[in-house]
Amino acid sequence: MVGGGRRRAAVLGGVVAGAVLVSGIGLWATDSWPFRDSYCWGAWEQDSGASFLGDEALGKSGSERRATESAPPSADRPHGTCTLAVTSEIEDDDSDRPLTFKEQITLEYGPVPAGDKERRAWIAQYFHGSASPLPDGLDGLVASDRAMLVLPAECDADGRASAVTIRSESVGDGHLGKVAMPFAIGNSAEVGRMLLDAANTTMKKAGCAPGKPLRMTSPLVTVAEDDERASNPLCRIPGVSFDFGQGSRYQQQVGAVTDRLQTCSVVWQTPREPDEPSAQYVMARRPRLVAVFDGLPAGAAHGLLRASCGGRPTVFYGNVDTGLQGRGRPDDRRVFDRFTESVGQRIGCGDGEDA
């Protein structure tokens, strides 16, 4: 009898445990507490801060959130890419086909691009005037739709500085075709926390994490929230001038103006396309930010000057792309020279130092 009672208790316990397990699986599958979906090698969790990770992003009909990951970064393979996308659809009154939407953020870990053209495009995206510099000695920038952190030297790979980046994109597809739309991942502080969570996770997997996780406790330096019509002097710097032409749709975004970083971007606003810089000017004065420019051809003719300002390695960078090339006043080279002279004087570069 005692043995039978024990067997009944064991069976009952197994049934209860099985019920709990099944219940737990159901909770996980529906993203209910206490189980949450995690994304991008465990860097982010559902409802962990930014609106894109919460229920707000799933507000449209038929919405679904899904991550696609490469193999995680490792010491032997210091590269990794993860995309986290929300897809949805709504009925289109003008068509039998529904309107489909896709909002996506891409997380990347790895060294900055090797090629000159690819590196300049990377710099254009992440040293954008809309982005605020990270505080607390962190070497990066963050905006509502993008973020970048240059990692410690221990994470360098292939002879180049490594970085973690986040970038958003959004498209709607209906009877008019695909239309690119603005898409904010969250506010800058929320995106900054996502960036650091991703950096801490990927550095640990790559075997180059510092002793303490990276943290952001101080407020961000505020930059102008809205761009403004490009005018002369550009970037509010005397002597930086272009011939924008009649009916210009050029807009400028004046970014950070500190003793460690200064940025300014000029874009030609094009419907259905992302706004990427037609002209860009950067002064960087932190070693890890300066390292991003290592390997690019230097000299005023290439829009890159290296200097020692106040004993700190400093770079002055200018890039003019298609549309504005050849329209600097009096020429593109002199515009870059004036940017370098003005910013260099502001931060105390000169007076016998190499500038």
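The values are calculated or read from the model by the stated rules, or taken from the named source; none is laboratory data. These figures come from a predicted structure and were not determined experimentally. All Cβ positions, glycine included, derive from the backbone under ideal geometry; neighbour counts span all protein chains shown. These accessible areas exclude ligands, DNA and RNA; they are computed on the full protein's heavy atoms, side chains included. Shrake-Rupley method; radii C 1.70, N 1.55, O 1.52, S 1.80 Å.
Taking amide H as placed 1.01 Å from N in the peptide plane, the amide H of Gly110 sits under 5 Å from that of Ala163, each at least 5 places away or on another chain. How much of the accessible area of the range 93-151, in percent, comes from carbon and sulfur atoms when a 1.4 Å probe is used? Solvent-exposed carbon and sulfur of the range 93-151 make up 44 percent of the total.
Given R₀ = 30 Å, what would the calculated FRET efficiency be for Met181 paired with Ala153, taking r from the Cβ atoms and rounding to 0.05?
That gives a FRET efficiency of 0.20.
Give the residues of the range 207-238 whose amide nitrogen is closer than 12 Å to a point set 7 Å from the Cα of Asp259 in the direction of its Cβ. No residue qualifies, since no backbone N sits under 12 Å from the label point.
Protein heavy-atom accessible surface, 1.4 Å probe, per residue over the range 36-168: 43 Å². Modelled spin labels at Arg66 and Asp116, positioned 7 Å past Cα toward Cβ, are 4.2 nm from each other.
Considering every pair of different Cα atoms, what Kirkwood radius, in Å, is found for the range 130-170? Let's see the in-between values first.
Working: mean 1/r = 0.0903 Å⁻¹.
Radius from the Kirkwood sum: 11.1 Å.
Taking 45 Å as R0, compute the FRET efficiency from the Cβ-Cβ separation of Ser48 and Gln325 and round it to 0.05. Plugging the Cβ-Cβ distance into 1/(1 + (r/R0)^6) gives 0.55.
Taking square-rooted eigenvalues a ≥ b ≥ c of the alpha carbon gyration tensor, is the range 77-173 rounded, prolate or oblate, where a/c under 1.5 means rounded and, failing that, a/b exceeding b/c means prolate? Cα axes put the range 77-173 in the prolate bin.
Quick one: length gained pulling Glu56 to Ala189 fully straight, 0.36 nm per residue minus the C-alpha distance? Working shown, then result.
Working: separation 133, 0.36 × 133 = 47.88 nm, distance 1.77 nm.
Full extension of this stretch gives 46.1 nm more.
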